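The structure appears right after this line, and notes come after that.
Every read-out reported here was derived from the displayed coordinates using simple, explicitly stated rules and does not represent laboratory data. These numbers come from a predicted model, not from an experiment. Here the Cβ positions follow ideal geometry from the backbone for every residue, glycine too, while neighbour counts run over all protein chains shown.
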Amino acid sequence: MRNSLLASLVFALVFAAAACAQIKIAVNATTIESAPIFLAERIPGVEIVPVPNGRVAMEQLLHGNVDAATGSETQALLNSIAEPGIRIILTLAEARYRIIVRRSSGIRRIENLRGKKVAATVNTSSLYFLREMLRKAGMLLDTDVRFVNLEGPDMPAALKRGDVDAVAMWEPHAQNSLEALGTDAIVLQNPSVYRERFNLNTTTKALRDPDKRRALVEVVRAALRASDRIRNQPAQARTMLAPFIGTPAGTMERVWNQFRFPANLPGDLPEVLGNVEIFVAAVQSRQPRPRAALTPLIDASPLAEARR
């Protein structure tokens, strides 16, 4: 009963400004990375629109239904072809992904995935992560494993049933998969291969509108404060975040070390975009854009204004 009341109170606070919203922000309501937005103080005129994943969030931005959206750098790159005005204005979180494998499938290291059924989600950072983990081991996604396309929530059950031998995914789905297998699980991870940058994205159209820009700067400023609280009071942050994303605080505690909440624009972000662009170009059957063409996707000016 207490959790239900807490959830109702939290969502009421978030959506109270909806009727007079100056801007709308589509936020992935299933990922821990969204914490700095969900836990930021309410801003008059800002409406939070919860969505089931980063792809939907960015689709809402692409179609002009919202003024900003959360999502990985992969989603920003994928959608920037259709909307060159997409801009990354803040990195909310950095997250390490994991491959969870079945010990009983004879898997102990990445090379043992050869010929195995491995799940990830197409057109997402999970597939990029899997591809890079395989490439690091001298293997190819298209030829060396039997790829299975699965959504994150479906992975734990598929792994437990034996439908797949391994899953490559973000949290909490990786942790749920780990717990579904119990003692039959092994974790494969290499943060040097890929660390997701989960960002707040907007468009040049929104940034050119004085009222929307002011609201976006306020959102960034609130996210900076929320990130500071998250870093300094992680247990409280997990308790408050739980009703937003439907993930128990205990599960979040077990995976918390996979996350950072820097609330900045990291210096290596252009390099990350350049690396992921190669994957995105292959997905979209086109030539990769040069790194110089990707740099404009990052707009540091709202962050600079928020820090004043």
Ranked by GNM mean-square fluctuation in the chain (Cα springs under 10 Å), the top entry among 80, 177, 192 is 192
For the stretch 98-188, the dipole about the Cα centre with charges only on Cβ (Lys and Arg +1, Asp and Glu -1), to the nearest 20 debye, works out at 340
For the stretch 25-135, the dipole about the Cα centre with charges only on Cβ (Lys and Arg +1, Asp and Glu -1), to the nearest 20 debye, works out at 1100
With the charge dipole of the chain built from beta-carbon charges (+1 for Lys and Arg, -1 for Asp and Glu) about the Cα centre, the Cα from 274, 251, 85 projecting farthest to the positive end belongs to 251
Given backbone amide H placed at 1.01 Å from N, residues whose amide H is under 5 Å from that of residue 71, ignoring those fewer than 5 places away on the same chain, are 199, 201
Answer in debye to the nearest 20: the dipole magnitude of the chain about its Cα centre, from +1 Lys/Arg and -1 Asp/Glu charges placed on Cβ, is 440
Expected max-MSF residue from 25, 81, 186 in the GNM of the chain (alpha carbon, under 10 Å) is 81
At the level of C-alpha centres, the distance separating the stretch 190-241 and the stretch 165-186, in angstrom, is 28
Nearest-0.05 FRET efficiency for residue 284 and residue 235 at R0 = 45 Å, using Cβ-Cβ distance, is 0.60
A student applying the Cα gyration tensor rule (rounded when a/c is under 1.5; otherwise prolate if a/b is larger than b/c, oblate if not) would label the stretch 88-181 oblate
Restricting to Cα pairs under 8 Å and 6 or more apart, the percent relative contact order of the chain works out to 26
Fraction of alpha-carbon pairs in the chain farther than 33 Å apart, rounded to whole percent, equals 24
